Amino acid sequence: MTDCIFCKIVAGELPCVKVYENDHVLAFADINPVFYGHTLIIPKTHAENIWQISEADLAAVQLASKKVAAAIRSALNPVGVAMVQLNGRGVNQVVMHYHLHLIPRPDGARELGITKWEMRPGDMDLIRQSAEKIAAAMA
């Protein structure tokens, strides 16, 4: 896609700080890191979100994430690594090219908001209704 910044990075038209690459994916440092070591993994083929990405490219991103997360752990020794993937502007996806964030949390650093929420029992009727709608849509 000609106006996609990540497609331009894949094509070599824009620079990146490359971490990993294979035939299907590219991993590079996020230039707006939550913490240093924050890495993005993208498919080389344009897909806007989870609904558009091919199963093969999705699998390639996930397999690469295991390798990159292991390298982050070895190189930076974080207390954990968050893997965050957003789909649509309604959840703050900014670049409309599927990408997986690997965000290491250094020891003593502030918590990542997305990784902590209040555990409250839900309404079991609503939980059941939602699950039934999703299960029906799977058919």
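A few remarks follow.
- Across the range 19-37, the qualifying residues are those that are out of contact with any helix residue (DSSP H, G or I) (no Cβ under 9 Å at 6 or more places or on another chain) and either among the basic types (K, R) or buried (at least 18 other Cβ atoms within 10 Å of the Cβ) (or both), and the one among them that is farthest from S65 (Cα to Cα) is V34.
- Condition check for A64: in contact (Cβ under 8 Å) with a residue 40 or more places away in the chain and under 13 Å from the mean Cα position of the chain (by Cα): yes
- Among the residues of the range 76-85, those that are outside any loop (DSSP other than H, G, I, E, B) and either of a type in the set (K, R) or over 7 Å from L102 (Cα atoms) (or both) comprise L76, G80.
- Identity of the residue in the range 86-129, charged (D, E, K, R) and assigned to a loop (DSSP other than H, G, I, E, B), that ends up farthest from H38 (Cα to Cα): D123
- Within the range 95-107, at least one residue is under 13 Å from the mean Cα position of the chain (by Cα), surrounded by 11 or more Cβ atoms within 10 Å (Cβ to Cβ) and free of Cβ contacts under 8 Å to residues at least 60 places away in the same chain.
- Top-ranked residue in the range 43-60 [being aliphatic (A, V, I, L, M) and out of contact with any Leu (no Cβ under 9 Å at 6 or more places or on another chain); ranked as farthest from V84 (Cα to Cα)]: A56
- Only listed residue being closer than 24 Å to D3 by Cβ and free of Cβ contacts under 8 Å to residues at least 60 places away in the same chain, chosen from N92, N77, N22: N92
- Once the range 108-127 is narrowed to residues that are surrounded by 11 or more Cβ atoms within 10 Å (Cβ to Cβ) and free of Cβ contacts under 8 Å to residues at least 40 places away in the same chain, the residue that is farthest from the chain's Cα centre (by Cα) is I127.
Each value in this text was obtained by applying a stated rule to the coordinates, not by laboratory testing. Only a predicted model underlies this, so the values are computations on that prediction, with no experimental measurement involved. Cβ atoms come from the backbone with ideal geometry, glycine included; neighbour counts cover every protein chain shown.
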